[in-house]
Structures are given as structure tokens and as C-alpha cells.
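Read through the structure below, which is laid out as C-alpha cells, and then see the notes.
Bear in mind these aren't lab numbers, they're just calculated from the coordinates by the rules spelled out. The shown structure was predicted, so the numbers you read here are calculated from the model rather than taken from an experiment. Ideal geometry is used to build each Cβ from the backbone, glycine not excepted, and the neighbour counts take in all protein chains shown.
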Amino acid sequence: MMGNRGLTIGEIAGRTGLATSAIRYYEDEGLVHPFRTETGQRRFDRADIRRLSFVMIAQNLGFSIAQIREVLHGLPEGRTPSKADWARISKRFRKDLDQRIAQMEVLREKLDGCIGCGCLSMKACALYNPKDSVRHKGKGPRYLLGDSPA
């Protein structure tokens, strides 16, 4: 099935749960680098299973293809990344994830009374955001995005 000839795109799809079109897209984006056989067939290293699984997880966490590509660029080609390799990647994503978690916690606490410009109450809105003064801080629900009323 595998041997030295690598995994076919169908075998990679079966192992990762990705559609073959998604795998080809990730190849086009430079996230995996299959080799070609003498007859021109695309083949993948076993390490690509973990790379593609990481891509799926990272996308589910909200990371962009560009961010994922940048991080994967630091992984070794042609071998399964080691625990130390993945630890380096984890460290790079940890700060961003911690910021997202903190923002989600703030959102969870404020969501029931603070949407849009700052709140759902026109009385409170006149106190916290008179004449839409928060608009100078940018677009969207500024207080929910982390801006302070001060």
C-alpha cells in the first residue's frame, strides 16, 4: 500500500477525512509538498497526515492559511515532525490563543447587556457612548472588542 512510493491523495484523504480537493488546495497554498512518481502521480509522505491534521485544527481555531503556512514553514520536510518541532509551533500559537480566550471571556460576561456600539439600553448608551463618541476608536462593537470606555 505505501512503502517507498508514498501515499496517494486518496489514502491521505482517507486518513485525514479531508476531501481530495481540499488537499490539492493546501498543496497549492504551500502547506504540503507531495512528490511525483516517474509517471507523474502525486504522492505524499506519512508526515503529511500530521501536517494536514494540524492545518484542520488550526483553521478550526480561526488561524488563517497565511498564519498556518508561516508556522509550517519551520517544520522539517521529509520526516515526521518531532515533539520539539510541535512544541515550537504550539508556543507561537499560544499567545494568540490566550488573547482570543481572554476576549471570549470578556464577551461572555458582557454579551447579555452590551452589543453594537456598547450596550442595548439607550439610557446607558447615552451615558457610556454619548453622541456615538466611541466611533473614533474604529468600526464594530468597540467595548466588546476590548476597548475601554475611559
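In whole Å, what three semi-axes, largest first, describe the equivalent ellipsoid of region 3-93 built from its Cα gyration tensor (square root of 5 times each eigenvalue)?
Numbers: eigenvalues 97, 43, 25 Å².
Over the Cα atoms of region 3-93, the ellipsoid semi-axes are 22, 15, 11 Å.
Could you tell me the calculated FRET efficiency between ARG100 and GLU38, based on Cβ-Cβ distance and R0 = 41 angstrom, to the nearest 0.05?
Taking R0 as 41 Å, the efficiency between ARG100 and GLU38 is 0.30.
Could you calculate the contour length gain from ASP147 to GLU29, that is, 0.36 nm times the residue separation minus the distance between their Cα atoms, to one decimal place in nm? Could you put the intermediate results ahead of the total?
Details: separation 118, 0.36 × 118 = 42.48 nm, distance 3.47 nm.
Roughly 39.0 nm would be gained on extension.
Starting from the Cα-Cα distance between MET56 and SER21, subtract it from 0.36 nm times their residue separation and give me the gain in nm to one decimal. Could you put the intermediate results ahead of the total?
Details: separation 35, 0.36 × 35 = 12.60 nm, distance 1.39 nm.
Full extension from MET56 to SER21 adds 11.2 nm.
Sort MET104, MET56 so that the residue with the fewest other Cβ atoms within 10 Å of its own Cβ comes first and the one with the most comes last.
Least to most surrounded, the residues fall as MET104, MET56.
Taking the Cβ of each residue in SER90, SER148, SER53 as the centre, tally the other Cβ atoms inside 10 Å and list the residues starting with the fewest.
SER148, SER90, SER53
Between ARG5 and LYS137, how many nm apart are label points set 7 Å from Cα along the C-beta direction?
The two pseudo-label positions are separated by 6.1 nm.
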